[in-house]
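Here is the structure we will look at, set down as structure tokens.
The values are calculated or read from the model by the stated rules, or taken from the named source; none is laboratory data. Here the structure is a predicted model, which is why all the values come from computation and not from measurement. FYI the Cβ positions are ideal-geometry reconstructions off the backbone, even for glycines, and counts take in every protein chain you see. Side chains are part of the model used for accessible areas, which takes the heavy atoms of the whole protein and leaves out ligands, DNA and RNA. Shrake-Rupley method; radii C 1.70, N 1.55, O 1.52, S 1.80 Å.
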Amino acid sequence: MNNPSGLLATRMELKKFQEIAFYDLLLSPKCQSLPEVVRAGSYWLNHIHIVDNIFRAHLCGETHGYQSTVSDDIPDLQLLRQEALNSNEWLIAYARSLNADTAIERVQFTFTDGAPGDMTREEILLHLLTHALYHLSTSPALEKHALTIPPVLLTTIQSASREVSHHDKE
């Protein structure tokens with residue numbers, strides 16, 4: 001059996017790259033004069049972070065304490081960015097730790113609405129990636145103000161990694 005950890009880690013790195021690019025856009029000077037854009041983006045970034053925390057607890061067999069996946073109580077955006085960065089680093093390390101057997105282990109859990117859930121560890125990680133991508137890939141608020149949606153494609157992170165690697169060699 002192939003070891004899925006490399007590809008799973010790459011996918012989690014993509015998730016981190018997407019989210020941090022979105023945080024950085026919202027924290028940029030061009031968005032500071034657009035409080036409705038920052039508010040809407042912060043809401044969805046907080047939602048993504050809550051869902052990440054819930055599924056991280058599921059992966060660890062812990063209780064998470066969330067009653068809902070949404071909250072109007074949104075932390076300071078810079079603080080939320082750091083928490084998301086830490087969470088994504090954990091997900092990358094977790095993905096790297098999986099092997100072919102542990103990746104397909106099933107995890108039973110309860111959704112916040114009380115419904116039972118059952119996914120493999122690999123499926124949970126893929127869910128977190130696609131969930132974040134779903135919320136970050138389209139934003140009417142960004143489009144309304146002609147702001148560019150940060151790149152969400154795997155080729156973008158690979159190009160960015162090559163650029164960093166190239167600069168490190170100079």
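Just a yes or no: is a residue in the stretch 105-127 closer than 15 Å to I50 by Cα, touching an Asp or Glu at 6+ places or on another chain (Cβ under 7 Å) and of a type outside the set (S, T, N, Q)? No; the residues of the stretch 105-127 include none that is closer than 15 Å to I50 by Cα, touching an Asp or Glu at 6+ places or on another chain (Cβ under 7 Å) and of a type outside the set (S, T, N, Q). Residue-level check: of (1) modelled with pLDDT of 95 or more; (2) over 17 Å from E13 (Cα atoms); (3) touching a helix residue (DSSP H, G or I) at 6+ places or on another chain (Cβ under 8 Å); (4) surrounded by 15 or more Cβ atoms within 10 Å (Cβ to Cβ), L147 misses just (1).
Among the residues of the stretch 42-82, those identified as open to solvent by 50 Å² or more (accessible area, probe 1.4 Å), touching a helix residue (DSSP H, G or I) at 6+ places or on another chain (Cβ under 8 Å) and part of a helix (DSSP H, G or I) are W44, R56, Q78.
Taking the conditions (1) closer than 26 Å to I20 by Cα; (2) in contact (Cβ under 8 Å) with a residue 40 or more places away in the chain; (3) not aliphatic (A, V, I, L, M) in turn, E143 satisfies each one other than (2). Evaluate the stretch 25-38: report whether one residue or more is β-branched (V, I, T) and open to solvent by 70 Å² or more (accessible area, probe 1.4 Å). Within the stretch 25-38, not a single residue is β-branched (V, I, T) and open to solvent by 70 Å² or more (accessible area, probe 1.4 Å). Whenever a residue of the stretch 106-118 is without any contact (Cβ under 8 Å) to a residue 40 or more places away in the chain, its partners that are surrounded by 12 or more Cβ atoms within 10 Å (Cβ to Cβ) and among the aliphatic types (A, V, I, L, M), lying with C-beta atoms within less than 8 angstrom and at least six residues away or across chains, give the pairs R106/M119; D118/V107.
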